[in-house]
Structures are given as C-alpha cells and as structure tokens.
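Data first, discussion second: the structure below is written as structure tokens.
The numbers here are math on the coordinates, done by the rules we state, and not lab data. What you are looking at is a predicted structure, and each value in this text was computed from that prediction instead of being measured. Cβ: placed from backbone, ideal geometry, glycine included. Neighbour counts: every protein chain shown.
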Amino acid sequence: MVLQILQAQQGLLIFYLAIFCAFYFRPSNLYHPNTLFTLISSNLAKRVVKNDSSPSHNNLCGALAFILPILTLVILLYALSFISFYPQWFGGLILFLCLDTHYEKRVQRVAKLLKVGQKGSARQLLETIVVRDTKSLSEIGIIKASLDSLALNSLRQFYLILIFYIIGGPYLALTYKLMMLCDHSWRKQLSPNHPFLKPVQRAIYVFEWLPLRAFVLIMSLAQNFAKTRHYLKHYAQHYSNTHSGWITALFAANLNIQLAGPRFYHGQRFDNIRIGSDRQPQVEDIQQMLKLQATMRWFWLGLTGLIWMGLNLV
C-alpha cells in the first residue's frame, strides 16, 4: 500500500528530496557544475567585451553569449534524459543542482563576525556573496547588504527555481538558473548598466514577471498585506530593478525595517531608492529575517504539496 502511494506520488517525492538535499548535501563549489558554467561565461565575457565597441554590438554579443551556451547545455541534457533509465530522477538531480541555499550560512557568519566587532572580516566574507563594492561599507551598510542579499537570493535561487520546475519541469528551471549565473558572473566584471548585460537582464525580467509577483502577493496575504501593498506602490515601482524592489519591499514591510539604498559597483556610485520609512536594520534583524524565511518556506512547501496532490487526484 505504502509502495503504491510512493509510486503514485513519485514526482512529489523527488521534488521534496531535491529540496532536502539542497539544504544538507550541497556539493563543494570546487566541483559543482555551476562553478564550471560560471567560469565559462565569465571568460566568454572577457574575450568578447571591448571598450571601443558600440552599444548595439555589445547588445548583440550579450544576447549570443547567454543564448548559445544555455541552449547547447539544455539540449544536451534533454537528449541525455532519453537514454536515462530514470528520467524523473534525472530531472530531480537537475533541480538539486539548480537550488542554492549556501548564502544563508554565509550571512549567519557575517552576523556572528559583526557581533564580535570584526567588521573587516565581515566585509571580506560579504564580498563572496554580493557583487557590490564592500570595502567602504559601515556596519549598517554591511547589515543592509546582507539582508538585501538574503531577500533576493531566497526568491531567485530557491523559490523561483521551484516554481519554474513545477510549471515547466527541470529544463525551464535550469534555463532560468543559467541565466542568473551569466548575469551574476558578468556583473562582477562590468557595470550593472553595461549594454552587454541588457539582453540577459531583459530575458530574466520576462521570465520572472508573473511568478515573482504572484509569489510576493501570496506571501503578503499570509503576512502584513496592507503594509506590503503600500511599499509595493510607493517604493518598489521606483526601484532600479522593479522585481528586486518587489522582493525587498516584501521583507522590509514584514520586518519593519528600512532596506536598500545607494550602492557602489566597480568604484561607481549608483543611486537607488531606500525601501521603507522604519528604523535602520540592526545585526539582530539578520536572524529575524532567517526566521521569517523559514516560516515562509514551510508555508510554501506545504501549499505546493497540497496543490501537487490535488492536481494528481483530479
């Protein structure tokens, strides 16, 4: 009887198993496939981007630089699934490799370093998590950057990956993940508004538009809806990246703190709206955000399981 139930819900079992492994059995970055793809995309940008190239040329190169490698890898893995003995488990492996939760432990270490007054070490550790410049950050700046990173990574590296997996299977989730890796590796080298980055950023925006907004609205219903709605209307729409503004507004409203603001990339200042009119964050708010995210995670995973089983019963 139990075996029959497991076979009937094999897809859901694989889904939850991939999530469990992502939290407790993440492979080292030294031999993680994401690291290899990041190196390839980073070296590709170094070879292609020229300072004297026109914006239109950089746009074209940027489009080809993310489309061709991603398309090649997705087609290759899709072809391999046909010769796999267990294609569903192969898809689960892809989901496991796409999910990323290591940022939580790093941010926890940043908080511990700040509590003992080691701001220099906290900046160095933060530099491995975020793309922005961290050398001149104050303690509040370090805390804000850590909280912003937690908010954005939790949505983009975890929840949206799961949503794309549910909607379109492992290859849609993989496509989104690879686009994120391209964008992240290129922003380490180039200014955020460089023409080379525009194509992949537009593609990510289109991919995220509906699932990200739906997720934020659903979670706001379970949290502080009135305040979140106010922040979305008055702050998120004026954020440099509207989708990042939505994510940050959700957490700022529910933690009752101010997030975001101006930042530096490659020595250049980029002005950005501060989200929220509450107090400045403190180091204890990092732990509060982690608790909030844990609550959201259990709620979302439970809701996902109910929807999945309901669809299978129908």
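Listed values, structure above:
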{"quantity": "Kirkwood Rh in Å, taken over all unlike Cα pairs in region 1-117", "calculated": "17.9 Å"}
{"quantity": "At least 27 Å along the helix axis (C-alpha) and Kyte average at least -1.0, DSSP helices within the chain", "calculated": "55-82, 198-222, 284-313"}
{"quantity": "Sites matching trypsin sites (Lys or Arg not before Pro) across region 91-165 that sit in DSSP coil, with at most 10 neighbouring C-beta atoms within 10 Å", "calculated": "K135"}
{"quantity": "Most mobile of I275, I83, I19 in a GNM of the chain (Cα contacts under 10 Å)", "calculated": "I83"}
{"quantity": "Alpha-carbon gyration tensor eigenvalues x 5, square-rooted, for region 7-68, Å", "calculated": "38, 16, 7"}
{"quantity": "Unsatisfied cross-links (Cα-Cα over 30 Å) in the set K105/K135; K50/K112; K112/K188; K135/K198", "calculated": "K50/K112"}
{"quantity": "Over region 135-191: Rg over Rh, Cα atoms, Kirkwood Rh", "calculated": "1.11"}
{"quantity": "When the chain is reduced to its Cα atoms, the Kirkwood hydrodynamic radius in Å", "calculated": "20.7 Å"}
{"quantity": "Gaussian network model of the chain, springs between alpha carbon atoms under 10 Å - residue of R279, R229, R26 with greatest fluctuation", "calculated": "R279"}
{"quantity": "Leading residue at positive end of dipole, region 107-252 (Cβ point charges), from A236, I167, I142", "calculated": "I142"}
{"quantity": "Exposure rule at most 14 other beta-carbon atoms within 10 Å, DSSP loop chymotrypsin sites (Phe, Trp or Tyr not before Pro): the chain longest free segment", "calculated": "86-314"}
{"quantity": "Cross-link partners of K115 among aspartates and glutamates (Cα-Cα below 13 Å; sequence separation of 8 or more within a chain)", "calculated": "E139, E284, D285"}
{"quantity": "Rg and Dmax [Cα atoms of region 197-314; Å; Rg one decimal, Dmax integer]", "calculated": "16.2, 56"}
{"quantity": "Stokes-Einstein D for region 81-147, Kirkwood Rh over Cα pairs, 4 °C, 1.567 mPa s (µm²/s)", "calculated": "93 µm²/s"}
{"quantity": "Per residue, the convex hull volume that the Cα atoms of region 80-211 enclose (Å³)", "calculated": "124 Å³"}
{"quantity": "Charged-residue dipole, Cβ positions (Lys, Arg, Asp, Glu), region 56-313 about Cα centre, Debye nearest 20", "calculated": "480 debye"}
{"quantity": "5 angstrom amide H check on Y265, placed H, neighbours 5+ away", "calculated": "D133, F270"}
{"quantity": "Helix-derived mean residue ellipticity, 222 nm - over the chain, DSSP H n ≥ 4, -39500 (n - 2.57), to 500", "calculated": "-23500 deg cm²/dmol"}
{"quantity": "The chain: relative contact order as a whole-number percent, Cα under 8 Å and 6+ apart", "calculated": "19 percent"}
